[in-house]
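Here the structure comes first, spelled out in structure tokens, and everything after it is commentary.
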Amino acid sequence: MLKLKIDILVISIASPILIGIYKDQQLIDTLSIDGKTSDVLPIIFQDIINQYKINTITYVNGPGSFMAIKVAFIFLRTICITQNIPLFAMSGFDLNNNSPIKALGKKYFFNRQDGKIDIDFLNDDTQIDPFKLPNMLDMCKLLSSNEPNYNLPAVN
């Protein structure tokens, strides 16, 4: 039986974890799962691997939860190595309308106009947009490196 060839986008830096399944860069299915990245990804990917032939995997490499980024990278990189699948990365800011992303405690990551990332508190009028899987997978937004972008704030 021939399996449908797909691309996958994983957003694991916030809850719920979002996984988009794309055929010819068009979103055909969405999975939204509450839980820890370490608990959710193995179960979901077992089903995906059994059902589909994966062309590529793209994940959000940051900024965001240090542990979620680390677990997603190690898990997805392992699948990609063992299955000979290319692994790509995208910035979380590309999937939430450039909205601030939860950092540590009450602080958030902010994407500056020059592309640098700041960490600060929210203003009372700051709009937080949720992460959203795009209807079309934009390969132009892929980063030059698939390594995690932890953006760890200095301890003060």
Between 0 and 90°, nearest 10: helix 37-51 axis offset from the chain longest Cα axis
30 degrees
Cβ-defined net charge surrounding residue 20, 9 Å radius [Lys, Arg +1; Asp, Glu -1]:
-2
What number, rounded to the nearest 500 deg cm²/dmol, is the helix-based mean residue ellipticity at 222 nm of the chain, given -39500 (n - 2.57) per DSSP H run of at least four residues and division by all its residues?
-7000 deg cm²/dmol
Springs between alpha-carbon pairs under 10 angstrom, Gaussian network model over the chain: which of 141, 36, 102 fluctuates most?
141
I want the antiparallel fraction of DSSP beta bridges within the range 56-152, as a percent rounded to 5.
65 percent
Can you tell which of 91, 145, 65 shows the greatest fluctuation in a Gaussian network model of the chain with Cα springs below 10 Å?
145
Other residues with Cβ under 13 Å from the Cβ of residue 112 give, with Lys and Arg +1 and Asp and Glu -1, a net charge of -2
I'd like the antiparallel share, as a percent to the nearest 5, of DSSP beta bridges with both residues in the range 4-52.
90 percent
How far, in degrees from 0 to 90, does helix 66-83 lean away from the longest principal axis of the Cα atoms of the chain, to the nearest 10?
20 degrees
Kindly flag which residue pairs out of 102/132; 102/141; 3/36; 70/106 have an alpha-carbon separation exceeding 23 Å in this structure.
3/36
Could you list which residues have their amide H under 5 Å from that of residue 59, counting only those 5 or more apart in sequence or on another chain, with H placed in the peptide plane?
10, 88, 89, 90
Long-range amide H contacts for residue 107: which residues qualify at under 5 Å (H placed 1.01 Å from N, peptide plane, sequence gap of 5 or more or a different chain)?
none
For residue 35, other-chain or 5+-apart residues with amide H closer than 5 Å (H placed, Pro excluded) are 17
In a Gaussian network model of the chain with springs linking alpha carbons closer than 10 Å, the residue among 76, 31, 41 that fluctuates most is 31
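Read-outs: derived from the displayed coordinates by stated rules, not from any lab. Just so you know, these numbers come straight off a predicted model, no measurement behind them. Neighbour counts run over all protein chains shown; Cβ positions are idealised from the backbone, glycine included.
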